Amino acid sequence: MLNNKRLFLFDIDGTIAVDNTLYDGSFELINYIDSIGGKSVYVTNNSTKSVADYIEKFSRWNIKTDESNFMTASSAACRYLKENFGEKKIFACATKSFVEEMKNSGLNVTESEEEGIRCVIVGFDNELTYDKAALTCKILQTRDVKYVATNPDLCCPVSFGAVPDCGAICKLIECAVGRTPLFVGKPNRLIVDECVKNSSFSYGETIVVGDRLYTDIACGINAGVETAVVFTGECKEKDLEKTEFPPTYAFSNIREFFDAVKSGNC
């Protein structure tokens, strides 16, 4: 039931906002969650921005946040890489922002061909060049390295439609190297587990809200929590007829979801 939810794990792009525009109802919903003693955590797979970037972006929407309000694919990747590779050298095919976030996390990151590379990390890189993709392919084919990526999303919603996301970049690389990465972002349940662990709420009080079935909704299902999909991003109502990741609830938009949460009718 929606009336017992207190920990709301929101996707961002296509769910509560698109580009720099906050969807109708998002601001009121976030304020309402605060008023009932709940918490909003933004669990985006978009690794083009660091947590610091997102805090600044939300401040422009007059939404006050801190690091505890974000569990991004990039921050999840940093935790995974730190736990599994420590001080070993990591090659990054990623944005400057993500590379800086990894370095600030204490990771030994390089963007060039060097000795001692033990892992390749690929993110949603909107600064991608052919030379960078070619170098990534070279390292994956000529070195004994692990292969990790932030998220399997094939596209990211933008104001005019969509652009290729990390999953599409990995498909491009796969065509050349014949390898697929371990994805640490959604639908990996790690993100939900970390959010619950870092809160005072239970899994039963938690809900994942997103616009994509195979990442957002699958993530919630994998973690055993309820889910809600909105049809303002990738997923459309007709997609529910054939999905292997059925959401607990479905809404046209975030305003409709807010109305349901506030009324407690679901």
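FYI, it's all coordinate maths here, none of it is from the lab. This one's a predicted model, so the numbers in the text were calculated from it and none came from an experiment. All Cβ positions, glycine included, derive from the backbone under ideal geometry; neighbour counts span all protein chains shown.
Numbers at a glance
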item: Anchor K57: aspartates and glutamates whose Cα lies under 12 Å away (excluding residues fewer than 8 positions away in-chain); result: D19, D66
item: Identified option (computed P(r) over Cα pairs in 10 Å bins from 0, in percent; candidates [x] 7, 28, 32, 20, 11, 2; [y] 7, 31, 39, 19, 4, 0; [z] 7, 31, 35, 19, 7, 1); result: [z]
item: Among G178, N104, T150 - extreme Cα towards positive end, dipole of region 78-183, charges at beta-carbon; result: G178
item: Cβ-based exposure ranking for T180, T72, T206, in which fewest neighbours within 10 Å come first; result: T180, T206, T72
item: Across K96/K132; K39/K197; K88/K146; K186/K262; K138/K171; K49/K103, pairs whose alpha-carbon gap is larger than 19 Å; result: K186/K262
item: Sequence ranges 25-38, 89-102, ranked by mean other-Cβ count within 10 angstrom, highest first; result: 89-102, 25-38
